[in-house]
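The values are calculated or read from the model by the stated rules, or taken from the named source; none is laboratory data. In this text, all values refer to a predicted model and were calculated from it rather than measured experimentally. No Cβ is skipped: glycine too gets one built from the backbone with ideal geometry, and neighbour counts run over all protein chains shown.
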Amino acid sequence: MQAEFGDVYQFWVGPMRVIGLCNAEDIQHVFGHRHIYEQGSLYRDHHTHFFSEAIICNIGAKYKRHASIILPLFRRSNVLDSLELINDCTDQLLDRWRSKNDDPTRIHLDIGKQCQDLLLAIFGLIGFDFDLQTLTDDDNDAKNNKLTKSLHEFLNIFMMTIAMPSIMTKIYLKFSTRYRQAFNIINDYVDSIIEQEQNKTQESIGKRKRNSLIASLVYSLHQDKKNEATKSNDKQKGLSRTEVLHEILLFLIAGYETTSCALTWFIHLMSKNPRVQAKIKAELGDNKFQRLSIEQLDSLDYLNCVIQEVLHFSSPAVSTFRTVTVDDRLPASGAQLYKGDELMINMYNLTRDKRYWKIDPDLFYPERFQGDDKDHHPYASIPFGGGHRQCIGQELARLELKAITSRLMQHVTFRDGGPEVNAGGHNQTLTLMPKNVGVIITFD
Ligand code: HEM
C-alpha cells in the first residue's frame, strides 16, 4: 500500500475511516500524545470476542484498574527474578534435543513447535506458578499436544475471523465446535491454574502478590461480587472472576506466541548466518557452559545487537492500531484526522524503509546497531509498539530471548537443513511466523 499510495493513505472498514501510517515522524507524534490517541477500536473489537474483560480491550478507568494490578509485575526489576527458571526450561529443551541426537544429520522441521513448547512452559511457571508440562511430556503425548494444539486452534480462529464482520464472528464462535473444543480445553487449564492458587493460604498469596502474576490476580478477586458490580469502574477495586479468567487467557496467548516466533526466527537466521553464530560464540568466550548472571547477560553487546536485528528484520508484530479521540493534524504529512478515525501503524514497513536505514534494511546484519545505524530514528524500529499502550511484556520478552539464545549458543550450533526445507518465508498468523524452517542441531 505504501509503494502505491505513499506514507499516509486511507481505506474504509464499513463506516470507519482507517488511515495507514508509514512514516516515523507521524508515528512518533501519535505515540507521544496519549490524550489524543487511544487503544485502537478495530484492535479492541476483535479481541473482545475472545477475552472482552482483559486489559487489551480496556480503556479509561477500567484500563487503569487492571493496569494497577498487572503492570508492576512486568517491570524489569520483577522480571529479572525469572532468570533461573528460564535457564531450567532451556536446559530441558536441550535435553530433549540431546536425547534425539542419535542421527547427527537429522533435520529438525518442528523448530516452531519446540520454541512454543519452551515459551509456554516458561510462561506457565513465571506467570502462573503452573507446570503446563509442554516440555516434560513426550512429543506424542496427547496431553502435551492438547494444550498447544488448542492454543493454536484458538489463534487460528482468532486470525481467520479478523476479516469477518463482527456479527459473523459472533455467530461463528457460537456455533463452531472447533472453537468450543479448543476453548473448553484452555478453560480447563485456566480453571486448574486458579484453583491451584486458591488452595494456597491467603497469607502466602498476599506475600507473593507483588511478584507473581497469578497471586496478584487471585488476591485481587472481588470478595463481595454483588456490591462491586453495582459500582462504577473508577470506584471499583480488584477484579471479578471473569476478568481474572480473561486476563489469564490473554496472557497465556500473549506470553508465548510472539516470543516463540522471535526465537524461531533466531534459530532460522542463525542456521543461515554461520558468521553471526561464530561471533556470538566468540563473545561468550570462556563462559562455555556455566549459567550466566544478569550482569554477564547485560555485557553481551553483540548478542544484544543480534536480538535487536532479529526483532527488526523479522518483526513478529506487523502493525498496531490507535483511535483518534480529538481532531488533530499530523505534523510531518499534514494529514487532517477527525475524532473516530482509526490509525493503522505499519511497524513492519518502518523496518524496511530505506529512508531510515543507512545499511540495506533487507539485509540481516546485526552490526548495523553497532555502526552506521546505531543512531537510527527512535521510531524506525518499534517491535513492541509505543506510547502508553506499548507491549506490557517487553522486559520479560527481552530477558527470555537473551537468556535462551545465550544458553543455546553455549551448547549447540544450528546448521542449514537445505534450500527447500529451510527456505524461510513467512506465514501470517497472529505474528509473522517463519514458514519453512529446517535445521540440523549439532552439540558443540
Ligand atoms: C518478542 C516478543 C513480543 C513482541 C514482539 C510483542 C509485541 C507487542 C506489540 C506490537 C503490542 C502492541 C503495542 C502497541 O499497540 O503499541 C503488544 C501488546 C501487548 N503485549 Fe506484547 N509482545 C511480545 C511479548 C509479550 C509478552 C511476553 C507478553 C506477556 C507477558 C506480552 C503481553 C502484551 C499485552 C498484554 C499487550 C497489550 C497491552 C495493552 O493493551 O496495553 N507481550 N505486544
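Looking at Thr242, Thr258, which one is in contact with an Asp or Glu (Cβ under 9 Å, 6 or more places away or on another chain) and outside any loop (DSSP other than H, G, I, E, B)? First the steps, then the outcome.
Working: Thr258 fails: in contact with an Asp or Glu (Cβ under 9 Å, 6 or more places away or on another chain).
Going through Thr242, Thr258 in turn, the sole match is Thr242.
If Glu197 satisfies all but one of (1) over 23 Å from the mean Cα position of the chain (by Cα); (2) part of a helix (DSSP H, G or I); (3) more than 20 Å from Ala121 (Cα to Cα); (4) charged (D, E, K, R), what's the number of the condition it fails?
(3)
Does the range 309-317 include one or more residues that are more than 13 Å from Phe364 (Cβ to Cβ) and buried (at least 18 other Cβ atoms within 10 Å of the Cβ)?
The answer is yes, given that some residue of the range 309-317 is more than 13 Å from Phe364 (Cβ to Cβ) and buried (at least 18 other Cβ atoms within 10 Å of the Cβ).
Any residue at all in the range 161-170 that's assigned to a helix (DSSP H, G or I), modelled with pLDDT of 85 or more, touching a Lys or Arg at 6+ places or on another chain (Cβ under 9 Å) and more than 16 Å from the ligand (Cβ to nearest atom)?
no
Just name the residue that is nearest to the ligand (Cβ to nearest atom) out of those in the range 204-241 that are among the β-branched types (Val, Ile, Thr) and surrounded by 12 or more Cβ atoms within 10 Å (Cβ to Cβ).
Step one: list which residues in the range 204-241 are among the β-branched types (Val, Ile, Thr), which gives 205, 214, 218, 230.
In the following step, the residues that additionally are surrounded by 12 or more Cβ atoms within 10 Å (Cβ to Cβ) were identified as 205, 214, 218.
Values: Ile205: 20, Ile214: 12, Val218: 17 Å.
Step by step, filter the range 204-241, then rank; the result is Ile214.
Could you list, in sequence order, the residues of the range 392-432 that are surrounded by fewer than 22 Cβ atoms within 10 Å (Cβ to Cβ), assigned to a strand (DSSP E or B) and touching a strand residue (DSSP E or B) at 6+ places or on another chain (Cβ under 9 Å)?
Val412, Thr413, Arg415, Asp416, Gly424, Gly425, His426, Asn427, Leu432
Determine whether Gln336 is exposed (fewer than 15 other Cβ atoms within 10 Å of the Cβ) and either touching a residue at least 12 places away in the same chain (Cβ under 8 Å) or within 16 Å of the ligand (Cβ to nearest atom) (or both).
Judged against the criteria, Gln336 is not a match.
Any residue that is under 18 Å from the mean Cα position of the chain (by Cα), closer than 28 Å to Gln116 by Cα, modelled with pLDDT under 95 and within 16 Å of the ligand (Cβ to nearest atom) - is there at least one of those in the range 396-416?
no
For the range 1-97, please list each of the helices (runs of 4 or more DSSP H) lying entirely inside it that holds at least 3 residues being within 14 Å of the ligand (Cβ to nearest atom) and more than 30 Å from Arg291 (Cα to Cα).
Qualifying helices (runs of 4 or more DSSP H): 24-32, 41-51, 60-70.
Being among the aliphatic types (A, V, I, L, M) and out of contact with any strand residue (DSSP E or B) (no Cβ under 6 Å at 6 or more places or on another chain) is the filter; apply it to the range 319-333 and report the residue that is surrounded by the most Cβ atoms within 10 Å (Cβ to Cβ).
Leu330
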